[in-house]
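Colleague: Supplied in structure tokens, the structure appears directly below.
Read-outs: derived from the displayed coordinates by stated rules, not from any lab. Note that this is a predicted model, so its numbers are computed, not measured. Note that we place each Cβ from the backbone using ideal geometry, even for glycine, and neighbour counts take in every protein chain shown.
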Amino acid sequence: MTITITLDPDVAERVEQEVRRAGKPAQAVVNDALRTRLGPEAMASAQEPFHVTPHDFRFAAGLDLDKMNQLSDDLEAAATAQKARE
């Protein structure tokens, strides 16, 4: 398919730079750029980015959040001890 387009001067310069750098013809450089921009990967990245909404859990002061498994174990041990007393 043949299409005639007019490139803006800054775009034409970037194409020429890539032609010199890669040693490819201008047609190959433009085709590669369009494939990259219009390909399936580009469509996937065009989706709205994922955002995390933080939540303030209001943990008690002095609680080491890096030791949450230890807290879970302590709570489980306390519950088991409570059941043993009953």
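Colleague: Could you give the length gained by full extension between Thr80 and Arg21, i.e. 0.36 nm per residue of separation minus their alpha carbon distance, to one decimal place? Let's see the in-between values first.
Modeller: Values: separation 59, 0.36 × 59 = 21.24 nm, distance 6.97 nm.
Roughly 14.3 nm would be gained on extension.
Colleague: Under the 0.36 nm per residue contour assumption, what length would be gained going from the current alpha-carbon distance of Ala60 and Thr2 to full extension? Could the numbers behind the result be given before it?
Modeller: Details: separation 58, 0.36 × 58 = 20.88 nm, distance 6.82 nm.
Full extension from Ala60 to Thr2 adds 14.1 nm.
Colleague: Please give the net charge around Ala81, taking every other residue with its beta carbon less than 13 angstrom from that of Ala81, where Lys and Arg add +1 and Asp and Glu add -1. Intermediate values should be presented prior to the final figure.
Modeller: On the way: positive: Lys83, Arg85; negative: Asp73, Asp74, Glu76, Glu86.
Local net charge: -2.
Colleague: Starting from the Cα-Cα distance between Met68 and Asn31, subtract it from 0.36 nm times their residue separation and give me the gain in nm to one decimal.
Modeller: Numbers: separation 37, 0.36 × 37 = 13.32 nm, distance 5.28 nm.
Length gained between Met68 and Asn31: 8.0 nm.
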